[in-house]
Amino acid sequence: MILKDTIVALATASGVGAIAVIRLSGPDAIKIANDCFVSIKENKSLLEQKSHTLHLGHFVHQSRIIDQVLVSVFKNPHSYTGEDTIEISCHGSLYIQQEIIQILLQQGARMADAGEFTLRAFMNGKLDLSQAEAVADLISSDSEASHQVAMQQMRGGFSNEIQLLRDQLINFASLIELELDFAEEDVEFADRTEFKNLVARIQLVLKRLIDSFAVGNVIKNGIPVAIVGEPNVGKSTLLNALLNEERAIVSDIAGTTRDTIEDEIIIDGVAYRFIDTAGIRETKDVVESIGIQKTFEKITQAQVVIYLFDLSDTKYQIYSIKTELASIKNKFPLKQLVVIGNKADTISKEELEKLKIEIPELISISAKSKLGIETLTNELTKMVNIGALNNSDTIVTNSRHYDALLKALNEINKVDEAIINNVSSDLMAIDIRETLYYFGLITGEVTNDDLLGNIFANFCIGK
Ligand SMILES: Nc1nc2c(c(=O)[nH]1)N(C=O)[C@@H](CNc1ccc(C(=O)N[C@@H](CCC(=O)O)C(=O)O)cc1)CN2
Ligand SMILES: Nc1nc2c(ncn2[C@@H]2O[C@H](COP(=O)(O)OP(=O)(O)OP(=O)(O)O)[C@@H](O)[C@H]2O)c(=O)[nH]1
Ligand SMILES: [K+]
Ligand SMILES: [Mg+2]
């Protein structure tokens, strides 16, 4: 890939703000900026400035002053992209931002593609692929946990772990490949015991990383929690209470919620996605029954199911609640289930105590008066216990990495078998190379334009 052109983009959020930052990167960045820059101090050329310096002046085009600006100079290779980079901090008017970008385009820059600054940083060896991907995760992180995992990955925790294994394995691969050159002499350059230990270590690390994806997924995407139960038990009221806003329509008409409603909140640093569903009952209403169908789909996708019933419902019997709970557990054995009796404001303490003997896991709340909500959220925190996230823990959050790790494990397992069965070096070498290939996919040592295109297309413009 040739990186000869100079790219430009707005680095800050599009819209009006106090200050906006426009970034230029590429061989002509400094010259292009200098052509539009008139320093406050006389005769100061940006071309002659040191890297990491800041300059006050006017952005001028054809003797028209567009704005007073601050310009930062970064000289290659000492910049985020590794190229010459200019940042122009202007006033945050939409007009000014657009004018400056238009003028820079006229002066020979080209509009950057999504993620192109980070792509260049990757191409110039400023960060590896998994670190570049973490930049996108960091920008979209919305909870303490997702922030921490992205930060750890961006700082290279994951890459270092993979890189270390890769280097050790390459070492053995070359020894084993050397044996091929001496095939007739039946020599072993690679100590088989040592090699077996390394393979075992790689298997262990890969398994741990693969297992961490379950947690990683939860951290990145939030934990889906479906709120289910019969019509009118107060599911939508509970959703509103959890979100602390009137998100869903509440009414005393059974069958109010037809389509599922979802929203996210952070509890103790972890994101939860609550899903309010249509109440489950027999119905002839076509729209309602589609909603109920959707409820079952949502239960399938959820990690936690909150089963809600109405404590005030005189017709309910402990027996029927227990039957329904048993049926949910039977249908969805892997889901974590929280049993909630709602409308606790309508029954006496004595009645409630009696009920709790029958259903020991019962949590009673009043969604309408927002009582007991914290007991519920505490229960969720206990359930999903993603453990105290350790700063140094590597957690895989990216399905591309997960995929590559699974394939690497599969290959290294073959190497393991080959050692056990005393398979010839040439065959073993093939499996080792395959393992190395999948390691390389993660860090970006092995790559292709399609892969890069896919990854960076998901970035925002200006990153
Ligand atoms: N204004 C601004 N803020 C920003 C960025 C940026 O590009 N511009 N970043 C972009 O995402 C992040 C910071 N990342 C950066 C990473 C490296 C370098 C850099 O200049 N590195 C040089 C020299 C370091 C030094 O000597 O101090 C280098 O790597 O050689 C700059 C920003 C977040 N904040
Ligand atoms: N007394 C009392 N009433 C409640 C409580 N929670 C909800 N309600 C009432 O119960 C009725 C039904 O509430 P919704 O939240 O619409 O119930 P739902 O389960 O979403 O109902 P559908 O969407 O129709 O399945 C409304 O009139 C609410 O005001 C509560 O804690 N106490
Ligand atoms: K209702
Ligand atoms: Mg509802």
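Remarks
- I30 being open to solvent by 20 Å² or more (accessible area, probe 1.4 Å) and of a type in the set (A, V, I, L, M, F, W, C): no
- Looking across segment 231-245 at every residue that is of a type in the set (S, T, N, Q) and near ligand 3 (Cβ under 10 Å from one of its atoms), the one that is most open to solvent (accessible area, probe 1.4 Å) is identified as N232.
- When residues in segment 246-255 are screened for being surrounded by fewer than 17 Cβ atoms within 10 Å (Cβ to Cβ) and among the β-branched types (V, I, T), 2 of them pass.
Each row is one residue, and each column tells you yes or no for (1) of a type in the set (S, T, N, Q); (2) surrounded by fewer than 18 Cβ atoms within 10 Å (Cβ to Cβ); (3) without any contact (Cβ under 8 Å) to a residue 24 or more places away in the chain.
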position	(1), (2), (3)
F158	no, no, no
E179	no, no, no
E188	no, yes, yes
F195	no, no, no
R201	no, yes, no
K220	no, no, no
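- If the condition is being assigned to a helix (DSSP H, G or I), buried (at least 19 other Cβ atoms within 10 Å of the Cβ) and either of a type in the set (S, T, N, Q) or within 16 Å of ligand 4 (Cβ to nearest atom) (or both), then segment 295-330 contributes T295, K298, I299.
- Residue match in segment 27-41 (condition: part of a loop (DSSP other than H, G, I, E, B), over 28 Å from L127 (Cβ atoms), of a type in the set (K, R) and modelled with pLDDT under 95): yes
- Of the numbered criteria (1) without any contact (Cβ under 8 Å) to a residue 24 or more places away in the chain; (2) open to solvent by less than 80 Å² (accessible area, probe 1.4 Å); (3) under 29 Å from S146 (Cβ atoms), the one N454 fails is (2).
- Subset of segment 211-244 (residues that are more than 13 Å from ligand 4 (Cβ to nearest atom) and touching a Gly at 6+ places or on another chain (Cβ under 8 Å)): V215
- Within segment 342-359, tally of residues that are in contact with a Leu (Cβ under 7 Å, 6 or more places away or on another chain), assigned to a loop (DSSP other than H, G, I, E, B) and under 21 Å from V228 (Cα atoms): 1
- Segment 357-393, subset modelled with pLDDT under 95, outside the structural domain of K322 (by TED's automatic domain parsing) and among the β-branched types (V, I, T), residue least open to solvent (accessible area, probe 1.4 Å): V384
- Output for segment 256-271, where each listed residue is open to solvent by less than 30 Å² (accessible area, probe 1.4 Å) and assigned to a loop (DSSP other than H, G, I, E, B): T257, T260, G269
- Any hit, segment 114-121, residues being among the polar types (S, T, N, Q), surrounded by 22 or more Cβ atoms within 10 Å (Cβ to Cβ) and over 29 Å from I162 (Cβ atoms): no
The values are calculated or read from the model by the stated rules, or taken from the named source; none is laboratory data. Owing to the predicted nature of the structure, the values given are computational and were not obtained by experimental measurement. Counting neighbours? That spans all protein chains shown, and the Cβs are built from the backbone with ideal geometry, glycine included. Protein only, heavy atoms only, side chains kept; ligands, DNA and RNA dropped before computing areas. Shrake-Rupley method; radii C 1.70, N 1.55, O 1.52, S 1.80 Å.
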